[in-house]
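To keep things clear, I will list the structure first and then write my remarks on it.
The values are calculated or read from the model by the stated rules, or taken from the named source; none is laboratory data. Owing to the predicted nature of the structure, the values given are computational and were not obtained by experimental measurement. Neighbour counts run over all protein chains shown; Cβ positions are idealised from the backbone, glycine included.
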Amino acid sequence: MTLTAELRDLLGHDRVLTEPLERWVYGIDSGVVRGDAQLVAFPETTAEVASIVRLARHYRMPIVARGAGTGLAGGAIPTQPGLVVVLTKMNSVEIDLENATAWVGPGVINLDLSKQTDPLGYHFAPDPSSQSACTIGGNIANNSGGPHCLAEGSTVGHVLALEMVTADGDVLVLGGPAPDPLGLDLRGVVVGSEGTLGIITKALVRLTPNPPDVRTLLTAFSRVEDAAATVSGIIARGVVPAALEMMDQRMTEAVERFVSAGFPTDAAAVLLAEVVGLSAAVDAEAAIIEEVARENNATTLRVAADEAERAKLWLGRKSAFGAVAQAAPDYYLHDTVVPRTKLVETMTRVYEIADRHGIMMLNVFHAGDGNLHPLMAFDSAEEGMLARVKAAARELVEVCVEVGGSLSGEHGIGIEKRELMKLVFNEADLDAQARVRESFDPDAVFNPDKVLPAGSRCFDLGRPPLEGMWV
Amino acid sequence: MTSVRSALDGLPGQVAPIAGAPEADATVAPASIEDVETILDTASEHHLRTLVWGGGTHQGYGGRLDPVVVLSTAGLDRIVDFQPEDLTVTVEAGVRVADLEKHLAEHGLTAALPEKPGEATVGGVVAAGISGWRRARYGPTRERLLEVILVTGDGRRVRGGGRVVKNVTGFDIPRLATGSFGSLGVIAQVCLKLWPLPSAQGTVTVADGDRALAAAYRPQAVVECDGSTKVFLGGTPEEVEGQAAAIGSPVTEGWDWPGELDGDVRWSLRVPPSKLRTAINEVRADYAYQAALGVGEVVISGPDGDVDALRKWAESVGGALVLIAGPPELYARIDPWGTPPAALSLQKRIVQRFDPVRILNPGRLPGGI
């Protein structure tokens, strides 16, 4: 028997792909690195996932779990010839309205869940820009964010429990529906582990009540510093808006050409702020935001008059990456975080880097939490361009780390930033993370070569386990 | 290899025994993270069971321990880095919650830690995974731990996370540390995400807490104590007035948080939020209780009686009944946690990799880990 034959016995012919074109399609996600998908399997049940894991282990084939493949850090590609397990067919939704939770399959599309729960008065709060395509399994793997995680937190705060297939092919449930489940918080570690600890087959997610009212404000400034000061000023006045999004002039121009959202293209920075709550509360908070924006020399100040105008503003924000596709054939979207007070300094230095390398850079970011998304637009056909883009990307991350920031706010490490981990963690820190990974998956069956740089597990550190202890 | 006695004598930061702590051969209060590393390296070398002690307020959780060394975090009491504009604060583990919140309040901020913390330290609250009433609004403490420095059982200093409010760089060591009860390492320093302290604060007394919880749109907390229910509101003055109007009851200014329940025997009953009403009804009438509506926790206090039926029911709905305070005989008779979690062997494998000789708070976690 071969792995292909056994998988076809298990799943049927149609749910195992082996043709070169099919393997090519599943050999890449939305990042820039291509992997080697030897086989592609589409399970429909947890039991099938468990059988797949056992089979793949028997044939010593690495396993890479995958949702919609919208990840940008290469987290869903097999770096070694491997089996790609696509979870999009596992898309059941069981809503528990009394507890405002739902058990969902990993293949449920983020926006589909919110559409299903909207008539019931709830939504799933994490809202990455790719929410109309990305899956909840992928959101959990990457601990995804989105504009509204300023007030609501990233995905991890919205996941109460996980059903997971382990490296032994066992099924475990981590966490639970009651507060503070007993023992170590393994749920919290699996979220954001980028498919390296197991395959998530089901998740209990928290649903957030739809706000009774909302105000969305568009403000614009002739200086980026004024926009940044407005962000700080709003929070200093005790208001944490549901979202605080900023775009620079180049990005605003690109968006306006693409969707005409009504952003002023002559402003250095456009700031989109949203507050949610009871009507009286949002009016008061919107007034504070207007006041702070005025104090900081806002050149445009507009509250969306109705849902249509609000939707248009958000369409503009969420179309940013699509808009760039018109500006240049290729783009490289980055994701780093800096302390919010370092935003202006960081941006100035980031522009310098791009200029020095002769690369067009546009910026759109979650200003409220200091999460930058510098975007380099270029033509990879141009000789030496890709090398320049990569060099600029590295410098950009170094600047962010230097001002006290981190490698990624919501896209993850994947393969893209794996070697950069050494910029923020020392040998003992990386070894500790490798020990966590080893506890779950000692043979690195799941998504090998991701997140941690090679050689992170350092056997010289610390003491050997006491003989006769447990395991 | 030196003798155990001379190893104990050589530990840095020797202090007098701490009132309330179990008897031990040595009590140390290291003044630096380096000293914590030295102490744990020595303790691992000589297999010295070590009990970690903060304010002593959450020592009732988990299995009992007969320590050789008590390691107090009292000497780690510095606020390391406070960035009010970035909404972050980095503190050493021994900083008292009350002192930190007082300092933060002067800048109009809060870490949303327990409101009536007593002597509790930040490190203790994080290690025990304790949250305040305001978790109904801001989520549990574990959602606000941005960075942790942990000294593992064998004395390695490990840092996880980072001092930014949003971060997905590497495995989530901060969440692993929260609620780990010292089993992975001594939590030496943490960075917490902060929230603005609402400019207006008000309290409303209601008859129907469940209805008020829905009407107020995300109040700070709804707490029911022995049949009386209070809704805690916060935000701009307009928001507080709006919330009170939505509930339909008059608001009194300020927050008067309930203090800890009296009684020598206390339990934490944890259930899915929808089962909270049933949970309250399941509790015997001679018990006092405090229930966090929308959260699903009821803390109860009463006579040292038979709780098997209540525990069985709690576990049957996906919850737990956890002993949080009681006389030693009770701990000897009953497992303080109840049925351990399903992933016990995985929990053991992780603990073993952080504390290979298993000297830190051994037996404290569920399943006797």
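Would region B:103-110 turn up any residue that is buried (at least 24 other Cβ atoms within 10 Å of the Cβ) and either part of a loop (DSSP other than H, G, I, E, B) or modelled with pLDDT of 95 or more (or both)? No - not one qualifying residue is present in region B:103-110. Condition check for residue A:368 on (1) modelled with pLDDT of 95 or more; (2) crowded, with 20+ Cβ neighbours inside 10 Å; (3) within 13 Å of chain B (Cβ to nearest Cβ): one failure, at (1).
Just so you know, in region B:60-95 the residues that are among the charged types (D, E, K, R) and surrounded by 21 or more Cβ atoms within 10 Å (Cβ to Cβ) include one that is farthest from residue B:200 (Cα to Cα), and it is B:92. The set of residues in region A:405-427 being surrounded by 24 or more Cβ atoms within 10 Å (Cβ to Cβ) and of a type outside the set (A, V, I, L, M, F, W, C) consists of A:405, A:406, A:408, A:409, A:410, A:411, A:412, A:414, A:416, A:417. Close contacts from region B:16-35, counting a first residue that is without any contact (Cβ under 8 Å) to a residue 12 or more places away in the chain and a second that is part of a loop (DSSP other than H, G, I, E, B) and surrounded by 15 or more Cβ atoms within 10 Å (Cβ to Cβ), with Cβ to Cβ under 9 Å and a gap of 6+ residues or different chains, come to B:19/B:56; B:23/B:67; B:34/B:12.
Residues checked against (1) within 14 Å of the chain's Cα centre (by Cα); (2) within 12 Å of another protein chain (Cβ to nearest Cβ):
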| residue | (1), (2) |
| --- | --- |
| B:50 | no, no |
| B:65 | no, no |
| B:88 | no, yes |
| B:110 | no, yes |
| B:116 | yes, no |
| B:141 | yes, yes |
| B:147 | no, yes |
| B:152 | no, yes |
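Which residue is nearest to residue B:184 (Cα to Cα), if the candidates are limited to region B:12-56 and must be hydrophobic (A, V, I, L, M, F, W, C) and surrounded by fewer than 21 Cβ atoms within 10 Å (Cβ to Cβ)? Among residues in region B:12-56 that are hydrophobic (A, V, I, L, M, F, W, C) and surrounded by fewer than 21 Cβ atoms within 10 Å (Cβ to Cβ), the one nearest to residue B:184 (Cα to Cα) is B:33. Region A:39-102 holds no strands (runs of 3 or more DSSP E) entirely within its bounds that carry 1 or more residues that are more than 26 Å from residue A:417 (Cα to Cα), of a type outside the set (A, V, I, L, M) and out of contact with any strand residue (DSSP E or B) (no Cβ under 7 Å at 6 or more places or on another chain).
In region A:178-234, which residues are within 8 Å of another protein chain (Cβ to nearest Cβ), over 24 Å from the mean Cα position of the chain (by Cα), crowded, with 23+ Cβ neighbours inside 10 Å and touching a residue at least 12 places away in the same chain (Cβ under 8 Å)? A:181, the sole residue that qualifies.
Checking each residue in region B:67-86 for being within 14 Å of chain A (Cβ to nearest Cβ) and charged (D, E, K, R) picks out B:81, B:85, B:86.
Of the helices (runs of 4 or more DSSP H) lying entirely inside region B:172-250, those carrying at least 3 residues that are in contact (Cβ under 8 Å) with a residue 40 or more places away in the chain are B:209-215, B:237-247.
Hey, which of the helices (runs of 4 or more DSSP H) in region B:308-369, taking only ones fully inside, have at least 1 residues that are touching a His at 6+ places or on another chain (Cβ under 8 Å) and either surrounded by fewer than 22 Cβ atoms within 10 Å (Cβ to Cβ) or at the interface with chain A (Cβ under 10 Å from one of its Cβ atoms) (or both)? Qualifying helices (runs of 4 or more DSSP H): none found.
Every listed requirement among (1) farther than 30 Å from residue A:38 by Cβ; (2) within 23 Å of the chain's Cα centre (by Cα); (3) within 12 Å of chain B (Cβ to nearest Cβ) is met by residue A:460 save one, (2). Restricted to region A:438-447, and to residues that are buried (at least 22 other Cβ atoms within 10 Å of the Cβ) and facing chain B (nearest Cβ under 10 Å), which residue is farthest from residue B:349 (Cα to Cα)? Among those residues, the one meeting the criterion is A:440.
Taking the listed residues B:105, B:93, B:31, the one that is out of contact with any Leu (no Cβ under 7 Å at 6 or more places or on another chain) and among the small types (Gly, Ala, Ser) is B:31, with no other qualifying.
The listed residues are A:211, A:179, and the only one of them that is closer than 30 Å to residue B:351 by Cβ and either polar (S, T, N, Q) or touching a helix residue (DSSP H, G or I) at 6+ places or on another chain (Cβ under 9 Å) (or both) turns out to be A:179.
Checked against (1) in contact (Cβ under 8 Å) with a residue 60 or more places away in the chain; (2) buried (at least 21 other Cβ atoms within 10 Å of the Cβ), residue A:430 passes all but condition (1). Within region B:63-80, is there a residue that is within 21 Å of residue B:235 (Cα to Cα) and out of contact with any Leu (no Cβ under 8 Å at 6 or more places or on another chain)? No, every residue in region B:63-80 fails to be within 21 Å of residue B:235 (Cα to Cα) and out of contact with any Leu (no Cβ under 8 Å at 6 or more places or on another chain). Across region A:280-298, the qualifying residues are those that are crowded, with 17+ Cβ neighbours inside 10 Å and away from chain B (no Cβ under 14 Å), and the one among them that is nearest to the chain's Cα centre (by Cα) is A:293. For region A:285-296, the criterion of being outside any loop (DSSP other than H, G, I, E, B), touching a Cys at 6+ places or on another chain (Cβ under 9 Å) and touching a residue at least 12 places away in the same chain (Cβ under 8 Å) is met by no residue. Residues in region A:167-177 that are in contact with a Leu (Cβ under 8 Å, 6 or more places away or on another chain) and part of a strand (DSSP E or B) were compared, and the one that is farthest from the other protein chains (Cβ to nearest Cβ) is A:175.
Of the residues that sit in region B:265-299 and are of a type in the set (A, V, I, L, M, F, W, C) and under 20 Å from residue B:366 (Cα atoms), which one is farthest from the other protein chains (Cβ to nearest Cβ)? Applying the filter and picking the extreme gives B:265.
When the residues of region B:251-267 are filtered to those that are in a loop (DSSP other than H, G, I, E, B), touching a residue at least 40 places away in the same chain (Cβ under 8 Å) and of a type in the set (D, E, K, R), the one that is nearest to residue B:199 (Cα to Cα) is B:256.
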